[in-house]
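Working notes, structure below.
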Amino acid sequence: MSDQLRAPDAGPYDALLLLSFGGPEGPDDVVPFLENVTRGRGIPRERLKEVGQHYFGFGGVSPINGQNRELLDALRKDFAEHGLDLPVYWGNRNWAPYLTDVLREMAADGRRRIAVLATSAYASYSGCRQYRENLADALATLAQEGVAELPKVDKLRHYFNHPGFVRPMIDGVLASLAALPREVRAGAHLAFTTHSIPTAAADTSGPVEEHGDGGAYVKEHLDVAGLIADAVRAETGTELPWELVYQSRSGAPHIPWLEPDICDHLEALHEAGAPAVVMVPIGFVSDHMEVLYDLDTEATAKAAELGLPVARSATVGADPRFAAAVRDLVLERAAVERGETVERCALGALGPSHDLCAVGCCPARAPRPAAAGVDSPYA
């Protein structure tokens with residue numbers, strides 16, 4: 001059989017797990033979901049009801065589960081079209097389908113080597129290590145239940161700079177610029193947004209050698225923002241000013257978090273005479289609640305109050321190019337696990353991310369076992 005006709009080889013993997021955050025799918029789910037998210041932090045139920053107003057404003061339904069179903073369909077379609085015979089499962093950290101239940105199902109189906117795609121593209125505790133802790137917790141539960149053979153899980157590398165993730169965002173910015181009034185388009189500012197996290201967590205994100213000054217979290221976002229801004233300049237002939245800003249801050253006000261906040265940034269741009277802004281949510285894979293509320297609702301209302309024209313570009317979501325990137329990541333890691341030399345696909349200055357998280361990479365708030373790293377108890 002020729003190389004052109006040979007089916008792609010995902011071995012040693014026999015399944016892919018799409019691992020996400022989860023979200024409520026009705027008003028009765030909102031507070032129990034938030035209790036799952038905040039478990040162990042001692043947050044009163046009344047406070048959770050207040051936070052839940054964001055969800056109640058959308059009928060108590062987070063869009064993230066629907067968007068994960070779309071991505072699941074896109075992955076299965078892409079795999080089938082390219083002859084990749086690899087079943088795809090979906091599990092969440094904080095809502096049904098729960099990770100533990102899905103891993104139990106996968107074990108019962110005979111899946112023994114699982115590649116895991118987390119719906120978080122960047123290095124950070126909440127975007128990487130916490131997913132690995134959840135995997136370890138789920139495997140520990142299965143072991144306690146007497147599952148005879150636990151599956152081995154390998155988390156795929158961070159994909160923030162993979163072309164299949166970056167290119168759809170470039171196209172989203174171009175479309176948003178075209179949607180602005182013609183007279184303000186050429187002077188528009190790009191506000192690249194991501195989730196704010198405590199500065200201490202940012203400083204310790206990524207491998208130990210990258211710690212300090214925002215760590216890998218800030219470096220990776222800046223790299224992606226620069227890639228998109230450069231591409232927009234190349235394709236429009238106009239160099240637009242840009243900045244990395246933050247959204248969705250939570251937690252005690254006395255703890256320093258990454259700044260500036262998107263709404264504060266909009267005010268500063270307005271005062272400086274910026275004619276328009278495109279908000280570019282590069283830190284999010286899909287248009288889930290934080291994008292819909294913090295950008296489409298809160299930041300857009302702030303812009304209207306200021307009389308500042310804004311547009312919000314699309315996230316990657318279930319774009320077929322992203323599905324193809326996931327296939328590429330699976331086949332890349334499979335080849336590595338087979339001991340083959342692989343040319344890894346990555347844009348920008350930082351290069352491809354690591355496969356295995358080292359000790360000290362995005363350290364936990366308190367020591368907890370984490371799977372899919374060099375210190376995994378489930379090698």
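Descriptive notes on the structure:
- Helix 99-108 vs. the chain, principal-axis angle (Cα, 0 to 90°, nearest 10): 30 degrees
- Projected label distance in nm at R112 and F56, using a 7 Å step from Cα toward the beta-carbon: 5.2 nm
- Dipole check for the stretch 276-344: with +1 at the C-beta of Lys and Arg, -1 at the C-beta of Asp and Glu, and the Cα centre as origin, the magnitude is about 160 Debye.
- Using a Förster distance of 30 Å, the FRET efficiency for E105-H254 (Cβ separation, nearest 0.05): 0.10
- Whole-Hz ³J(HN,Hα) from phi, Karplus 6.51 cos²θ - 1.76 cosθ + 1.60, for the stretch 367-373, glycine and proline x: x, 9, x, 9, 7, 6, x
- Computed over the chain: relative contact order in percent, which uses C-alpha pairs under 8 Å that are six or more apart: 23 percent
- Helix 215-236 and the long axis of the chain differ in direction by around 60°, with both axes built from C-alpha atoms.
- Subtracting the Cα-Cα distance of D73 and V336 from their residue separation scaled by 0.36 nm leaves 92.0 nm.
- Helical contribution to [θ] at 222 nm, DSSP H n ≥ 4, -39,500 (n - 2.57), averaged over the chain, rounded to 500: -11500 deg cm²/dmol
- Rounded to the nearest whole angstrom, the semi-axes of the ellipsoid equivalent to the stretch 86-220, taken from the Cα gyration tensor as √(5λ), stand at 37, 20, 12, largest first.
- Nearest-ten-degree value, helix 320-337 long axis tilted from longest Cα axis of the chain: 40 degrees
- Percent of beta bridges antiparallel (DSSP, the chain, rounded to nearest 5): 5 percent
- Extending 7 Å from Cα along the Cβ direction at A272 and again at A178 yields two label points whose distance is 2.8 nm.
- Ordering of 264-274, 141-151 by packing [mean C-beta count within 10 Å, highest first]: 264-274, 141-151
- Equivalent ellipsoid dimensions for the stretch 10-162 as semi-axes, Å, which come from the Cα gyration tensor, largest first: 28, 19, 14
- Across the stretch 238-247, coupling constants 3J(HN,Hα) worked out from phi with the 6.51/-1.76/1.60 Karplus curve, θ = phi - 60°, read 10, 8, 9, x, 8, 8, 8, 10, 10, 8 Hz, and Gly and Pro carry x.
- Ligands, DNA and RNA are left out, and with a 1.4 angstrom probe the accessible area of the chain is 43 Å² per residue.
- Cysteine residues of the chain whose Cβ has no partner cysteine Cβ closer than 4.7 Å: C128, C263, C345, C362.
- Taking a straight Cα-Cα cut-off under 13 Å and skipping sequence neighbours fewer than 8 places away in the same chain, the aspartates and glutamates within cross-link reach of K152 are D14, E337.
- Peptides 191-202, 99-110, 50-61 ordered by average Cβ neighbours within 10 Å, highest first: 191-202, 99-110, 50-61
- For the stretch 262-379, the convex hull drawn through the C-alpha positions has a volume of 181 cubic angstrom per residue.
- Descending semi-axes in whole angstrom, ellipsoid equivalent of the stretch 148-297, from the Cα gyration tensor: 29, 20, 15
- Where both bridge residues fall in the stretch 1-125, DSSP classifies roughly 10% of the beta bridges as antiparallel.
- Accessible surface of the chain [probe 1.4 Å, protein heavy atoms]: carbon and sulfur percent: 52 percent
- Amide H within-cut-off set for V116, under 5 Å, with H built and near neighbours excluded: L17, D154, K155, L156
- HN-Hα J in Hz across the stretch 115-130 - Karplus 6.51, -1.76, 1.60, θ = phi - 60°, x for Gly and Pro: 8, 10, 10, 8, 7, 8, 8, 10, 7, 5, 4, 6, x, 9, 4, 5
The values are calculated or read from the model by the stated rules, or taken from the named source; none is laboratory data. A quick note: this is a predicted structure, and the numbers were derived from the prediction, not measured. We place every Cβ from the backbone using ideal geometry, glycine too, and count neighbours over all the protein chains shown. Protein only, heavy atoms only, side chains kept; ligands, DNA and RNA dropped before computing areas. Shrake-Rupley method; radii C 1.70, N 1.55, O 1.52, S 1.80 Å.
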